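*Asks:* Structure in structure tokens, see below.
The values are calculated or read from the model by the stated rules, or taken from the named source; none is laboratory data. Since this is a predicted model, take the numbers as computed values, not measurements. No Cβ is skipped: glycine too gets one built from the backbone with ideal geometry, and neighbour counts run over all protein chains shown. Only protein heavy atoms, including side chains, enter the accessible area calculation; ligands, DNA and RNA are left aside. Shrake-Rupley method; radii C 1.70, N 1.55, O 1.52, S 1.80 Å.
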Amino acid sequence: EDLDFTKKSKSFFCDIIKILRLLIARRKKIVELIHIENPNFEIMQKIIELEESAFEGAGNVDLWIIKALIRYGMVFVVKEGDKIVCIVEYMQIFNKKSLFLYGISTLKEYRHKGYANFILNETEKILKDLGYTEIELTVAPENQIAIDLYKKHGYKQESFLKDEYGTGVDRFMMKKIL
């Protein structure tokens, strides 16, 4: 009789575990990192929309720029399900094994959920495996959230670039050795 109860209890708990796994799988969002290698119009348009949303209408890229970055640089996106939620773009620095991080952005409603950390961690591993030795970037001195993110990932401030993008548009130059 005790043996029968033990078998029933074990079966009951196995059923509970299966149900919990199913519930977790449904709630768990599938997140994937994708290297965009072909300038597909639909994907490029989604990237531009993400940039415009993330930068409140003042996005960094248009079709011309994103197409060049895809063809001659490296563009990675993080997708949650079918939605692109985060992007990073890199350009190679001529005659060096260095890259320039052109931009990184995350949709507002997906910020502070680890996507920027994820995309930086994963792409830096890929870039290091490809033989790149350093990454440089520029960031607005008032963009403390981005500066903190880059410092967390090992970027060091190298210099202050006065009027880098026009009068009064200053930047910090930051660099990371891979």
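*Asks:* Among the residues of segment 126-144, how many are in a helix (DSSP H, G or I) and under 15 Å from M74 (Cα atoms)?
*Replies:* Selection size over segment 126-144: 4.
*Asks:* So, of the residues in segment 133-172 that are among the aromatic types (F, W, Y), more than 18 Å from the chain's Cα centre (by Cα) and modelled with pLDDT of 95 or more, which turns out to be farthest from K97 (Cα to Cα)?
*Replies:* F160
*Asks:* Taking only pairs six or more apart or across chains, which ones have beta-carbon atoms under 7 Å, a first residue in segment 109-137 that is more than 15 Å from M91 (Cβ to Cβ), and a second residue that is loosely packed, with under 13 Cβ neighbours inside 10 Å and among the β-branched types (V, I, T)?
*Replies:* T133/I177
*Asks:* Oh, and also: Which one is modelled with the highest pLDDT among residues in segment 94-116 that are of a type outside the set (D, E) and exposed (fewer than 14 other Cβ atoms within 10 Å of the Cβ)?
*Replies:* Checked segment 94-116; the qualifying residue modelled with the highest pLDDT is K97.
*Asks:* In contact with a helix residue (DSSP H, G or I) (Cβ under 6 Å, 6 or more places away or on another chain), surrounded by 13 or more Cβ atoms within 10 Å (Cβ to Cβ), in a strand (DSSP E or B) and not small (G, A, S): which single residue out of V61, V75 fits that description?
*Replies:* None of the others qualify; the one that does is V75.
*Asks:* Still on this model: Restricting the search to segment 150-178, which residues are assigned to a strand (DSSP E or B), without any contact (Cβ under 8 Å) to a residue 24 or more places away in the chain and either open to solvent by less than 40 Å² (accessible area, probe 1.4 Å) or not acidic (D, E) (or both)?
*Replies:* Scanning segment 150-178 gives K156, Q157, S159, F160, L161.
*Asks:* Another one. Mind checking which residues of segment 139-149 are within 19 Å of G168 (Cβ to Cβ) and surrounded by fewer than 17 Cβ atoms within 10 Å (Cβ to Cβ)?
*Replies:* A140, P141, E142, N143, Q144
*Asks:* Follow-up. The conditions are (1) open to solvent by less than 20 Å² (accessible area, probe 1.4 Å); (2) small (G, A, S); (3) in contact (Cβ under 8 Å) with a residue 40 or more places away in the chain, and G81 fails exactly one of them. Which is it?
*Replies:* (1)
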